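Beneath this line is the structure, given in structure tokens, with notes to follow.
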Amino acid sequence: MKKTVALVGMMGAGKTAVGKALAARLGVPFLDSDAEIEKAADRTIAEIFAEHGEAFFRSRETEVIGRLLESHRAILSTGGGAFLSQVNRDMIAEKGVAVWLKADLDLLWNRVKHKSTRPLLRTENPYETLKELVAAREPFYAQAGIVVEAEPKLSIEGMADKVVEALKAHGGILEDTQ
């Protein structure tokens with residue numbers, strides 16, 4: 001790989017699962033900005049949100065993404081809100097390439113509705129909250145260099161294959177041997 005590939009998109013789009021499969025397939029490290037934040041803070045994302053608020057979390061997130069982009073080339077899974085920051089979008093564009101794992105609302109909802117680890121969905125109507133988040137965030141995600149559409153029946157490995165094909169089609173990211 002010639003550049004770090006940063007996976008962006010909504011919670012439930014498959015950034016972590018597809019990212020791990022993609023990293024294994026390409027023989028590069030897998031990095032997860034949320035996991036790195038939790039490790040550094042010794043707290044879960046939900047705890048950080050509760051104790052310090054979203055602005056504090058977003059600031060730490062930018063620091064961590066910057067540090068991870070400076071490390072070796074890898075597959076980087078970012079948090080769902082990370083790509084909303086112009087600073088983060090610029091860092092990713094400068095040091096890597098953003099790949100938007102684009103999933104429709106129904107697919108996202110099916111993947112996140114039973115999870116309690118999503119602080120932004122701790123509302124009276126989490127489906128409506130998710131719908132509003134998707135509408136607000138898609139214009140930012142659309143600025144990614146590469147867009148890969150998720151399909152409900154596609155396996156994690158199948159989605160990783162689809163990302164590899166998109167990276168090859170984009171050019172300048174993968175060595176010719178991959």
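The values are calculated or read from the model by the stated rules, or taken from the named source; none is laboratory data. Just so you know, these numbers come straight off a predicted model, no measurement behind them. Note: ideal-geometry Cβ built from the backbone for every residue, glycine included; neighbour counts use all protein chains shown.
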Worksheet item: Going through segment 96-116 one residue at a time, which ones are in contact with a helix residue (DSSP H, G or I) (Cβ under 6 Å, 6 or more places away or on another chain) and in a loop (DSSP other than H, G, I, E, B)?
Response: none
Worksheet item: Any idea which of Ala93, Ala160, Ala169 is among the small types (Gly, Ala, Ser), part of a helix (DSSP H, G or I), under 25 Å from Ile37 (Cα atoms) and out of contact with any helix residue (DSSP H, G or I) (no Cβ under 7 Å at 6 or more places or on another chain)?
Response: Ala93
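For residues that are outside any strand (DSSP E or B), surrounded by fewer than 20 Cβ atoms within 10 Å (Cβ to Cβ) and touching a residue at least 12 places away in the same chain (Cβ under 8 Å), tally how many sit in segment 25-34.
Count: 3.
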Discussion item. Condition (residue is at pLDDT 95 or above, crowded, with 20+ Cβ neighbours inside 10 Å and either basic (Lys, Arg) or closer than 22 Å to Glu157 by Cβ (or both)) applied to segment 78-88: is it met by at least one residue?
Written reply: yes
Practice prompt. Answer yes or no as to whether His114 is within 24 Å of Ile173 (Cα to Cα), at pLDDT below 95 and loosely packed, with under 13 Cβ neighbours inside 10 Å.
Written response: no
Response to the item:
Only one of Ala142, Ala166 is at pLDDT 95 or above, over 18 Å from Ala17 (Cβ atoms) and either among the hydroxyl-bearing types (Ser, Thr, Tyr) or within 17 Å of the chain's Cα centre (by Cα) (or both), namely Ala142
